[in-house]
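The values are calculated or read from the model by the stated rules, or taken from the named source; none is laboratory data. Just so we're clear, the structure is a prediction, and the values are computed from it rather than from any experiment. With ideal geometry, Cβ positions are generated from the backbone for all residues, glycine too; neighbour counts draw on all protein chains shown.
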Amino acid sequence: MHWKKQFIDFCFKKKALKFGTFTLKSGRCSPYFFNSGLLSNGKDIVKIGLFYAHSIIDSKIEFDVLFGPAYKGIPIAVATSIALKNYYNLNIPYTFNRKEKKTYGEKGNLVGNIIQNKKIIILDDVITSGTAIHHSIKILEEQNAHISSIFVLLDRKEKGKRDLYNVNYLSNKKSYKIISIITIKDLINYLLEDKKLKKHVPELEKYRQKYGLNE
């Protein structure tokens, strides 16, 4: 899809995608790094919301509410809700969690729309080993919400200590559909078409062979 290429162009322009040697939270040494924190002004978040909205509409998945995990997922959920209204005339509510449970006023660890028995889309920035996604699923299932799918900007498609796509790992023997704006495969295909950037492909392929999911 042409907007996948547009997203990668956007990330390079903002220097959110970099090549080199980076130590990830998992301890792995990666030849590339995606920092969504650099996409942090009004113009950027509007574009990000639109990329998510395009992806959600293209997926044809049924949903009622957007969920943004604290903290990075919160502006993503807001921006996507706005984009769905502005570009697709869909008035979709959103909710997000607090890191610390509130004991006064609007109590609990969720803020926003009531999600009980609603179909939820989880919006996050990156999947590496899936720990954060697993936590979001736990929060939502405790509220009796139904998870329609998980959308992310970049799915690195890496194995964790337990395979992210293993049904038993994601949640109570259930499997959730994960949809990304781009994957490492999309990134490699993009690099192969660029004379200056294709030099990075061997390192990415080597890393993918070592840590990538078997698909």
Tell me, which residue of region 114-124 that is surrounded by 20 or more Cβ atoms within 10 Å (Cβ to Cβ) and not in a loop (DSSP other than H, G, I, E, B) is modelled with the lowest pLDDT? Asp124
In region 11-21, is there at least one residue being surrounded by 13 or more Cβ atoms within 10 Å (Cβ to Cβ), part of a loop (DSSP other than H, G, I, E, B) and at negative phi? yes
Within region 177-196, residues of a type outside the set (Val, Ile, Thr), farther than 30 Å from Ile120 by Cα and surrounded by 15 or more Cβ atoms within 10 Å (Cβ to Cβ) come out as Asn189, Tyr190, Leu191
Residue that is modelled with pLDDT of 95 or more and over 30 Å from Thr23 (Cβ atoms), where the choices are Val111, Val65: Val65
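Residue-by-condition table, conditions (1) within 23 Å of Leu187 (Cβ to Cβ); (2) out of contact with any helix residue (DSSP H, G or I) (no Cβ under 8 Å at 6 or more places or on another chain); (3) without any contact (Cβ under 8 Å) to a residue 12 or more places away in the chain:
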| residue | (1), (2), (3) |
| --- | --- |
| Ser26 | yes, yes, no |
| Asn35 | yes, yes, no |
| Phe63 | no, no, no |
| Asn86 | no, yes, yes |
| Lys119 | no, yes, no |
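Taking into account only those residues within region 22-51 that are among the β-branched types (Val, Ile, Thr) and in a helix (DSSP H, G or I), which is farthest from the chain's Cα centre (by Cα)? If you could, list the steps in order and put the result at the bottom.
First, the residues of region 22-51 that are among the β-branched types (Val, Ile, Thr): 23, 45-46, 48.
In the following step, the residues that additionally are in a helix (DSSP H, G or I) were identified as 45-46, 48.
Details: Ile45: 14, Val46: 16, Ile48: 11 Å.
In this case the residue turns out to be Val46.
Are any residues in region 198-215 without any contact (Cβ under 8 Å) to a residue 24 or more places away in the chain and either closer than 11 Å to Lys159 by Cβ or in a loop (DSSP other than H, G, I, E, B) (or both), and if so, which ones?
Within region 198-215, the subset without any contact (Cβ under 8 Å) to a residue 24 or more places away in the chain is 198-199, 201-202, 205, 209-210, 214.
Those that are without any contact (Cβ under 8 Å) to a residue 24 or more places away in the chain and either closer than 11 Å to Lys159 by Cβ or in a loop (DSSP other than H, G, I, E, B) (or both): Lys210, Asn214.
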Could you check region 37-69 and list, in sequence order, the residues that are among the small types (Gly, Ala, Ser) and crowded, with 16+ Cβ neighbours inside 10 Å? Gly49, Ala53, Ser55, Gly68
